[in-house]
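Visitor: Pasting in a structure now, in structure tokens, and then I'll have a few things to ask.
Coordinate-derived values only; no laboratory data. This is a predicted model, so every value here is computed, not measured. In this analysis, Cβ positions are derived from the backbone assuming ideal geometry, glycine residues included, and neighbour counts consider all displayed protein chains.
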């Protein structure tokens, strides 16, 4: 079969990713959202001088991940749906007939870029929060403490994985608006449904991405009943794998 292999497909994806404006805007917005949230939390604590622990400051400083995950998820979606919307997908599949290579390249390039942006965004949230409380009696959260470093790193990984879920959803749905709407729905609707069951909903909440983020991944100590942060992160990777595998199956069977 003629056409390019995985290496060339990945090179094509890097070129496309860098050349699309939305990539840069979404990446910058994710970092800014995290930094702004961290600074806002720090300034809030500084202004009201409450009694707070380093863990409380950190947990709240990483709250910007709620917005950042949507932005990076949308980035992953647009890596796929942007080509369907413009018709470029036909040229891509003509150059790389093995469709699994096309999807694998998007996963590798998009996932790598999103992981980098996610880590930068997460550390930006941490640093802005710490800078905002500098010079006060509020205790600082040191990255030398594994209990502090772990949620910062896991939050960055979580953000990168949301982009992979976006790639999977984009491959399944193929339409930008519908795919991003699906992403938003999968983020917020399960939280609302779990909330209807009160405390008993925690048994379901441990599997819901947004609740995992806020109560397990981006915190120093998960709330009782939820998985440990690294377990929740692995579960997110599992969700991404399912979305990508299902998307890959449909990509092979459907016309461009």
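Visitor: Just rank 15, 217, 169, fewest to most, by other beta-carbon atoms within 10 angstrom.
Guide: Listed from fewest to most nearby Cβ atoms, that is 15, 169, 217.
Visitor: Here's something else I'd like to know. Can you tell me, using C-alpha contacts under 8 Å and at least 6 residues apart, the relative contact order of the chain as a whole percent? If you can, show how the numbers build up before the last one.
Guide: On the way: 436 pairs, mean separation 65.2, N = 256.
RCO, the chain: 25 percent.
Visitor: Next question. How do 35-45, 188-198, 120-130 rank on mean C-beta neighbours within 10 Å, highest first? Working shown, then result.
Guide: Values: 35-45: 20.6, 188-198: 12.6, 120-130: 24.6.
Highest mean packing first, the order is 120-130, 35-45, 188-198.
Visitor: Per residue and in Å³, how big is the convex hull formed by the alpha-carbon atoms of the range 78-165?
Guide: 104 Å³
Visitor: If you don't mind, another one. Is the shape of the range 137-234 rounded, prolate or oblate, going by the alpha carbon gyration tensor and its root eigenvalues a ≥ b ≥ c, with a/c under 1.5 for rounded and a/b larger than b/c for prolate?
Guide: Cα axes put the range 137-234 in the oblate bin.
Visitor: Tell me, how many Å apart are the Cα centres for the range 35-90 and for the range 118-149?
Guide: 15 Å
Visitor: Based on C-alpha coordinates, I'd like the Rg and Dmax of the range 2-86, in Å.
Guide: For the range 2-86, the Cα-based Rg and Dmax read 18.8, 67 Å.
Visitor: Let me ask something else. For residue 14 and residue 253, compute 0.36 nm times the residue count separating them, minus their Cα-Cα distance, and round to one decimal in nm.
Guide: Gain on stretching residue 14 to residue 253: 83.5 nm.
Visitor: Once every DSSP H run of n ≥ 4 in the chain is given -39500 (n - 2.57) and the sum is divided by its residues, what mean residue ellipticity at 222 nm do you get, rounded to the nearest 500 deg cm²/dmol?
Guide: Using -39500 (n - 2.57) per qualifying helix, the result is -25500 deg cm²/dmol.
Visitor: By count of other Cβ within 10 Å, fewest leading, how are 18, 98 ordered?
Guide: Ranked by crowding around the Cβ, least crowded first: 18, 98.
Visitor: What does the extension gain come out to for residue 90 and residue 32, with contour length at 0.36 nm per residue minus their alpha carbon separation?
Guide: So the extension gain works out to 17.4 nm.
Visitor: I would also like to ask the following. Using only Cα atoms, find the angle between the long axis of helix 146-173 and the longest principal axis of the chain, and express it within 0 to 90 degrees, rounded to the nearest 10.
Guide: Result, in degrees: 30.
Visitor: So for the pair residue 221, residue 134, with labels modelled 7 Å out along Cα→Cβ, what separation do we get in nm?
Guide: Taking the two extended label points, one gets 2.9 nm.
Visitor: Ok, one more. Over all alpha-carbon pairs in the chain, figure out the percentage whose distance exceeds 32 Å. Could you put the intermediate results ahead of the total?
Guide: Numbers: 8594 of 32640 pairs.
The proportion of pairs with Cα distances above 32 Å equals 26 percent.
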